[in-house]
Amino acid sequence: MPDPNDDDGWQAKLELALRERVPVASFTFGLPEPAVFAELTAQGICSVVTVTDAGEARAAAEAGAHILCVQGPKAGGHRGTLDSGKVPGEVPLGDLLDRVRDVCALPLIAAGGISTPGEASAALAAGAGAVQVGTLLLLSDEAGTSRVHRGGLIDAVQGRREAETALTRAFSGRPARGLTNDFMRAHPDAPDAYPYINHVTGPLRAAAAAAGNPEAVNLWAGTGFRHAVEDPAPVILRRLFGLAD
Ligand SMILES: Cc1cc2nc3c(=O)[nH]c(=O)nc-3n(C[C@H](O)[C@H](O)[C@H](O)COP(=O)(O)O)c2cc1C
């Protein structure tokens, strides 16, 4: 039975990052204390925080973050809201970048629904210094995407299964976007209870994955999942930036 107070080794990981002087420490799902940012800065470590609205951006900037990853509503997988109880915003990524730019001058990474050269260019034109993609790489050769997850995605892309995404708390207790499946439909009112629901559903998800059943596994995917292809990651990324294969 997992320990409900398990903090995933937060302090030990932080100390390791400081000791090793990693180039970048990136945070999501919450805002570390200003003292943490000060320690990272003192070691020459660049800190990144994922934010999903202007209020979170202001808080992260005031706490001492160096770069913000601005995650829009189309993103696959977990939304990186600082507070798990919050309903994530629906402001489109371009407008969200504008709003964040209005409250802080930090460099921005744009994330969420970027899967074509046009979307990447639009995010850069809207003031981001870089873009981050997740869904676009889910079928890449290098991705650790499980067999059942890959199968679900490929079936969705090829029209053999429902091909809509939705936000759900059903698998982890935190809002996340995935391909709609039976488990999500059965638990539309899953509570704000991360990481407890994550622990509770873990064995169920593992059993479903072992049985090859995509209806009880989190099939994380953003709205751009139709652009995911089975190619090496460098090829996919070069294509995203309009470079030759
Ligand atoms: C399979 C998968 C798992 C993810 N898990 C997390 C997570 O645990 N925490 C988090 O803040 N973001 C998570 N994300 C979101 C990514 O950090 C990123 O914001 C997102 O993938 C960008 O949008 P895109 O998927 O449309 O490219 C996940 C994304 C995917 C595709």
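Just one of Ala207, Ala193, Ala166, Ala126 is without any contact (Cβ under 8 Å) to a residue 60 or more places away in the chain and assigned by TED's automatic domain parsing to the domain that holds Leu108; which is it? It would help to see each step written out before you state the result.
On the way: Ala207 fails: assigned by TED's automatic domain parsing to the domain that holds Leu108; Ala193 fails: assigned by TED's automatic domain parsing to the domain that holds Leu108; Ala166 fails: assigned by TED's automatic domain parsing to the domain that holds Leu108.
Answer to the selection: Ala126.
Among the residues that make up the range 104-116, is at least one of them in a helix (DSSP H, G or I), in contact (Cβ under 8 Å) with a residue 40 or more places away in the chain and touching a helix residue (DSSP H, G or I) at 6+ places or on another chain (Cβ under 8 Å)? I'd like the intermediate steps shown before the answer.
So the first thing to find is which residues in the range 104-116 are in a helix (DSSP H, G or I), and the list is none.
No, the range 104-116 contains no residue that is in a helix (DSSP H, G or I), in contact (Cβ under 8 Å) with a residue 40 or more places away in the chain and touching a helix residue (DSSP H, G or I) at 6+ places or on another chain (Cβ under 8 Å).
Which residues, counting only those in the range 110-130, are under 17 Å from Arg239 (Cα atoms) and either modelled with pLDDT under 95 or touching a His at 6+ places or on another chain (Cβ under 7 Å) (or both)?
Ser115, Thr116
Taking the criterion of being in a loop (DSSP other than H, G, I, E, B), within 14 Å of the ligand (Cβ to nearest atom), surrounded by 15 or more Cβ atoms within 10 Å (Cβ to Cβ) and among the hydroxyl-bearing types (Ser, Thr, Tyr), would at least one residue in the range 24-45 satisfy it?
yes
In the set Gly212, Gly222, which member is out of contact with any Lys or Arg (no Cβ under 6 Å at 6 or more places or on another chain) and either touching a residue at least 24 places away in the same chain (Cβ under 8 Å) or within 12 Å of the ligand (Cβ to nearest atom) (or both)?
On the way: Gly222 fails: out of contact with any Lys or Arg (no Cβ under 6 Å at 6 or more places or on another chain).
Result: Gly212 is the single residue among Gly212, Gly222 that is out of contact with any Lys or Arg (no Cβ under 6 Å at 6 or more places or on another chain) and either touching a residue at least 24 places away in the same chain (Cβ under 8 Å) or within 12 Å of the ligand (Cβ to nearest atom) (or both).
Name the residues in the range 88-103 that are small (Gly, Ala, Ser) and either closer than 19 Å to Gly30 by Cβ or in contact (Cβ under 8 Å) with a residue 60 or more places away in the chain (or both), would you? Give the steps one after another, and end with the answer.
If we filter the range 88-103 for residues that are small (Gly, Ala, Ser), which is where we start, we get 89, 94.
Gly89, the sole residue that qualifies.
When you check Ala123 against the structure, is it more than 14 Å from the ligand (Cβ to nearest atom) and either within 27 Å of Ala17 (Cα to Cα) or not charged (D, E, K, R) (or both), yes or no? Full working, then the answer.
Numbers: more than 14 Å from the ligand (Cβ to nearest atom): no; either within 27 Å of Ala17 (Cα to Cα) or not charged (D, E, K, R) (or both): yes.
When the stated conditions are applied, Ala123 does not pass them.
So which residues in the range 140-163 are touching a residue at least 60 places away in the same chain (Cβ under 8 Å) and either within 11 Å of the ligand (Cβ to nearest atom) or touching a strand residue (DSSP E or B) at 6+ places or on another chain (Cβ under 9 Å) (or both)?
Ala143, Ser146, His149, Gly152, Leu153, Ala156, Ala163, listed by residue number.
The values are calculated or read from the model by the stated rules, or taken from the named source; none is laboratory data. On a predicted model such as this, the values are computed, not experimentally measured, just so you know. Reconstructed Cβ throughout: ideal geometry from the backbone, glycine too, with neighbour counts over all protein chains shown.
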